[in-house]
Amino acid sequence: MLVEDRSDIPELCPEHGLSLLLEIKGEKWLFDAGQSSLVLENARNLGINLSEIDGIILSHGHYDHTGGLKSVLGETGDIVVYAHPGIFRERFSLAKPGKIRPVGIPFHRHLLEESGARFSLSAAGREIQPGIYLSGEIPWITSFERGDPVLVVREGDRYCPDPFIDDQFLTIDCDDGVIMITGCCHAGLINSLMEVRELHPGKRIKAIVGGLHLHAAEQTMLAKVIEALEPFAPEEIIAGHCTGSAAESSLANVFGSRFHKMETGSVFKI
């Protein structure tokens, strides 16, 4: 966990954002890049050289997952960046009444490409390396997962709810199950897990790792999400960032020792 909203390690700073270093079958992948150059500082303090990573994966186009990308490219140089083509769409937050705040990627595409990003963009699910899959667009199926009404896109002179077609998760197919890595899960945790089942039929869920975007969920919705989550029987849930303290408490109550909080600098072996 290179960047997360919390840290108990004095030399590692937290920020509202997410960046995970994944070590898979001898390769190193950066999943999201936090919101600033802090990802580099934390990596250095952990003795991690980001120039050695094999690729970058962006879960969606929000600043708190992409704002550190240019700094990372300064370390890596020419590198493939996997994402959905919708990541560059302008995005805004209406969380503060009367104020429209931009929350999209804080860089133009051409600037990132000049810095070394070789974008591999696709709306379809795909295997980016043997056993490593990006979901592509996630169908909205459940009746209770409806996104976040304060997160919007501009349509002409109107602001409309963001459909989050660019929201993707990563899966790692193991011999004994599948690991799901999420950025914010804007398309909904249960919708996403249903898509995991489509991609990996019959595979058990070894772990769900990442932000679950339940921080603003009303208690009724949260209860429905957790009720729908139980049949998937995840062996571990490692959550933080936008999950929210109430949701974390509920998940801990239901899943007990199978639930873990993410923190900057945490290391998990799955």
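The values are calculated or read from the model by the stated rules, or taken from the named source; none is laboratory data. No experiment lies behind these values; they were computed from the predicted model shown. Note that each Cβ is placed from the backbone with ideal geometry, even for glycine, and that neighbours are counted across all protein chains shown.
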Which ones in the stretch 98-119 are among the hydrophobic types (A, V, I, L, M, F, W, C) and either in a loop (DSSP other than H, G, I, E, B) or under 13 Å from VAL152 (Cα atoms) (or both)?
ILE100, VAL103, ILE105, PHE107
Taking the stretch 68-97 and keeping only residues that are under 30 Å from ARG158 (Cβ atoms), surrounded by fewer than 23 Cβ atoms within 10 Å (Cβ to Cβ) and of a type in the set (Gly, Ala, Ser), one is left with GLY86, SER93, ALA95
For the stretch 175-186, enumerate the residues that are of a type in the set (A, V, I, L, M) and either over 19 Å from LEU251 (Cα atoms) or touching a residue at least 60 places away in the same chain (Cβ under 8 Å) (or both).
VAL178, ILE179, ILE181
For LEU58, are the conditions met, namely being on the phi < 0 side of the Ramachandran plot, crowded, with 24+ Cβ neighbours inside 10 Å and at pLDDT 95 or above?
yes
Can you tell me how many residues within the stretch 177-203 are under 27 Å from LEU2 (Cα atoms) and more than 17 Å from the chain's Cα centre (by Cα)?
1
Hits in the stretch 200-224 - residues which are in contact with a strand residue (DSSP E or B) (Cβ under 6 Å, 6 or more places away or on another chain) and surrounded by fewer than 23 Cβ atoms within 10 Å (Cβ to Cβ):
HIS200, LYS203, ARG204, LYS206, ALA207
Within the stretch 26-36, can one find any residue that is small (Gly, Ala, Ser), farther than 20 Å from CYS184 by Cβ and crowded, with 17+ Cβ neighbours inside 10 Å?
no
Exactly one of ARG146, ARG158, ARG154, ARG126 is within 20 Å of LEU193 (Cβ to Cβ), basic (Lys, Arg) and at pLDDT below 95, and that residue is ARG146
Within the stretch 90-117, count every residue that is under 26 Å from THR171 (Cα atoms) and at pLDDT below 95.
0
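Among the strands (runs of 3 or more DSSP E) contained in the stretch 204-263, which hold 3 or more residues that are in contact (Cβ under 8 Å) with a residue 60 or more places away in the chain? If you could, list the steps in order and put the result at the bottom.
Working: elements: 205-211, 236-240, 259-261.
Correct list: 205-211.
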When both residues are 6+ apart or on different chains and their Cβ atoms are under 8 Å apart, which pairs have a first residue that lies in the stretch 149-170 and is more than 13 Å from GLU90 (Cα to Cα), and a second that is among the aromatic types (Phe, Trp, Tyr) and assigned to a strand (DSSP E or B)?
LEU170/PHE31; LEU170/TYR133
Across the stretch 18-53, what is the number of residues that are touching a residue at least 60 places away in the same chain (Cβ under 8 Å), part of a loop (DSSP other than H, G, I, E, B) and not aliphatic (A, V, I, L, M)?
2
Top-ranked residue in the stretch 141-168 [being in a strand (DSSP E or B) and not hydrophobic (A, V, I, L, M, F, W, C); ranked as farthest from GLU127 (Cα to Cα)]
ARG158
